[in-house]
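Pasting a structure here, questions to come.
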Amino acid sequence: MPDDDEDEEIWPDTGTGLDAYESESPATRAFVLHPDIKSKPARRLPEHGLAEAVSLAAALPRIEVVGAEVVRLPRLHPGMLFGSGKVEELAARFKAEDVGLVLVDGPVSPVQQRNLEKEWGVKLLDRTGLILEIFADRARTREGVLQVELAALSFQRTRLVRAWTHLERQRGGFGFVGGPGETQIEADRRAIDDQVIRLKRQLAKVVKTRELHRAARKKVPFPIVALVGYTNAGKSTLFNRITGAEVLAKDMLFATLDPTMRAMVLPVPQGGAGSGTGRKIILSDTVGFISELPTTLVAAFRATLEEVLSADLILHVRDISHPESAEQAADVMDILTSLGVNKATPMLEIWNKLDLVDGSARDALAAQAAQRNDVLAVSALTGEGVEALLYRVSQVFDEATSERRLTLPFTEGRRHAWLHAQGVVEAESQGDDGWDLSLRWTARQEKQYRDL
């Protein structure tokens with residue numbers, strides 16, 4: 001641990017989440033609202049959106065969800081979000097049920113938040129604030145802590161009608177739910193900006209260390225296989241099943257935040273030994289995605305997600321038992337595209353949680369997966385289909401290769417380094433015009449080279 005002030009921990013490790021702060025107090029009674037706006041096209045059914053929001057709320061410690069409702073709106077009301085009649089109706093309901101926290105599954109402006117809190121006499125948290133609170137409670141590594149704190153500051157800077165005294169907190173979370181000083185109006189942008197600069201400086205050093213580790217791995221060219229997917233799709237359970245690791249795997253949104261990597265040896269591909277026999281790979285478990293993931297979090301976690309950008313194979317894990325599995329998959333693909341994942345990177349879809357699908361639906365899914373070369377149906381919980389998955393991964397890295405001679409000008413140092421990082425250079429000499437190379441590569445690697 002560096003010992004200069006710039007690199008000290010952002011907060012002391014005095015516990016985890018709200019339960020560490022309120023261990024002796026009763027759980028906060030919360031109510032979840034999902035606005036269904038007619039004028040806004042939605043990818044998923046509002047009832048499913050509400051169910052996801054309730055699951056998000058349940059992911060916070062010391063929260064008891066006592067009610068949930070879809071509120072259908074013809075349009076948004078700029079001052080209150082909801083119409084005056086609905087605001088009054090909900091105010092009476094919250095008072096009767098002793099609600100202390102309202103979670104709105106969508107964006108709420110600072111003015112709307114202030115007005116609703118005044119009318120209802122509760123704390124209010126929108127979707128972005130809720131996700132940030134969960135991330136703050138779950139982050140364990142130094143990098144994860146810094147990334148979440150940076151995202152929270154970016155969010156707080158736009159909401160100066162709220163206090164930002166969580167910068168001096170003594171617990172996990174950000175104080176959006178409760179805590180000292182939150183009724184105070186604090187608008188000191190300079191102090192927030194100074195903290196942002198300090199965090200970015202610390203994060204840059206941590207990211208530099210990650211880059212050094214990544215560069216070291218490239219010198220020993222083991223392929224990287226990255227698990228990605230919607231939150232709670234079962235990535236960590238699959239990771240544990242494959243590697244024998246003990247990553248936290250719970251039926252909970254965002255159970256895993258910090259990336260985990262393990263080296264492992266693949267089995268012999270079915271149909272023969274081949275050049276990929278016993279190939280060693282690095283398997284990476286990553287943070288789960290979610291619809292409407294706050295852009296501040298995407299930006300803050302970009303360094304962590306670069307493990308996906310540099311992956312040689314992506315395993316897109318889907319909860320195939322979920323009623324909106326297709327919509328969740330589309331959300332994941334949108335985020336991967338926004339991150340700039342190379343379209344040439346091969347990807348397999350892993351239809352997980354097959355054990356939760358019954359009867360003819362299960363048989364139909366298994367038959368559908370069997371007809372596609374890029375889909376495997378598995379149950380990470382029971383292990384069903386996992387062996388076939390590993391064989392398929394072996395086959396991806398055992399593609400047919402071709403030989404090629406290439407003269408690369410000395411000015412093409414970046415391409416030269418890439419070829420060596422990929423392990424495709426079999427012989428090399430230097431001539432007057434550049435490097436004379438003998439290569440053995442797959443069609444995929446050749447395409448990636450052309451795209452550099």
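Spot the failing condition for Gln112; the list is (1) in contact with a helix residue (DSSP H, G or I) (Cβ under 9 Å, 6 or more places away or on another chain); (2) surrounded by 19 or more Cβ atoms within 10 Å (Cβ to Cβ); (3) modelled with pLDDT of 90 or more, and only one is missed.
Of everything listed in (1) in contact with a helix residue (DSSP H, G or I) (Cβ under 9 Å, 6 or more places away or on another chain); (2) surrounded by 19 or more Cβ atoms within 10 Å (Cβ to Cβ); (3) modelled with pLDDT of 90 or more, Gln112 misses just condition (1).
Let me ask another. Would it be correct to say that Thr411 is more than 20 Å from Leu266 (Cα to Cα), in a strand (DSSP E or B) and of a type outside the set (Phe, Trp, Tyr)?
Spelling it out, it is not the case that Thr411 is more than 20 Å from Leu266 (Cα to Cα), in a strand (DSSP E or B) and of a type outside the set (Phe, Trp, Tyr).
Examine segment 92-103 for a residue that is of a type outside the set (Gly, Ala, Ser), surrounded by fewer than 21 Cβ atoms within 10 Å (Cβ to Cβ) and either more than 21 Å from Thr28 (Cα to Cα) or free of Cβ contacts under 8 Å to residues at least 24 places away in the same chain (or both), and state whether such a residue exists.
Scanning segment 92-103 turns up no residue that is of a type outside the set (Gly, Ala, Ser), surrounded by fewer than 21 Cβ atoms within 10 Å (Cβ to Cβ) and either more than 21 Å from Thr28 (Cα to Cα) or free of Cβ contacts under 8 Å to residues at least 24 places away in the same chain (or both).
So the check is Cβ under 8 Å with 6+ separation or different chains; which pairs have a first residue in segment 315-333 that's closer than 18 Å to Arg362 by Cβ and a second one that's modelled with pLDDT of 95 or more and charged (D, E, K, R)?
Final answer for the pair search is Arg318/Glu349; Asp319/Lys353; Ile320/Lys353; Ser321/Lys353; His322/Lys353; Ser325/Arg318; Ser325/Asp319.
While we're looking at this one, here's another question. Which condition number in (1) outside the structural domain of Val265 (by TED's automatic domain parsing); (2) part of a loop (DSSP other than H, G, I, E, B) is the one that Ser429 fails?
So Ser429 meets the others, but not (2).
Considering each of Leu212, Leu146, Leu124 in turn, give the residue that is modelled with pLDDT of 85 or more, outside any loop (DSSP other than H, G, I, E, B) and not basic (Lys, Arg).
After applying the criteria, what remains is Leu124.
Would you mind finding the one in Asp188, Asp193 that is over 18 Å from the mean Cα position of the chain (by Cα) and at pLDDT 80 or above?
Asp193
Table: residues versus (1) closer than 22 Å to Arg157 by Cα; (2) within 25 Å of the chain's Cα centre (by Cα); (3) modelled with pLDDT under 95.
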{"position": "Ala58", "(1), (2), (3)": "no, yes, yes"}
{"position": "Gly83", "(1), (2), (3)": "no, no, yes"}
{"position": "Val102", "(1), (2), (3)": "yes, yes, no"}
{"position": "Val108", "(1), (2), (3)": "yes, yes, yes"}
{"position": "Thr128", "(1), (2), (3)": "yes, yes, yes"}
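Continuing with this model, one more query. Condition test on Ala344, is it farther than 29 Å from Leu50 by Cβ, loosely packed, with under 15 Cβ neighbours inside 10 Å, not acidic (Asp, Glu) and not assigned by TED's automatic domain parsing to the domain that holds Val148?
Against the criterion (farther than 29 Å from Leu50 by Cβ, loosely packed, with under 15 Cβ neighbours inside 10 Å, not acidic (Asp, Glu) and not assigned by TED's automatic domain parsing to the domain that holds Val148), Ala344 qualifies.
Considering every residue within segment 368-376, establish whether at least one is at pLDDT 90 or above and in a strand (DSSP E or B).
Looking for residues that are at pLDDT 90 or above and in a strand (DSSP E or B), one finds at least one in segment 368-376, hence yes.
Out of Glu428, Glu384, Glu446, Glu403, which single residue is touching a strand residue (DSSP E or B) at 6+ places or on another chain (Cβ under 6 Å), within 26 Å of Lys280 (Cβ to Cβ) and surrounded by 13 or more Cβ atoms within 10 Å (Cβ to Cβ)?
Exactly one of Glu428, Glu384, Glu446, Glu403 is touching a strand residue (DSSP E or B) at 6+ places or on another chain (Cβ under 6 Å), within 26 Å of Lys280 (Cβ to Cβ) and surrounded by 13 or more Cβ atoms within 10 Å (Cβ to Cβ), namely Glu428.
List every residue pair whose Cβ atoms sit under 8 Å apart, with the two residues 6 or more apart in sequence or on different chains, where the first one lies in segment 400-412 and is under 16 Å from Ser429 (Cβ atoms) and the second, anywhere, is exposed (fewer than 11 other Cβ atoms within 10 Å of the Cβ).
The qualifying pairs are Thr407/Gly431; Thr407/Asp433; Pro409/Asp433.
The values are calculated or read from the model by the stated rules, or taken from the named source; none is laboratory data. No experiment lies behind these values; they were computed from the predicted model shown. Every residue, glycine as well, gets a Cβ built from its backbone with ideal geometry; the counts of neighbours run over all protein chains shown.
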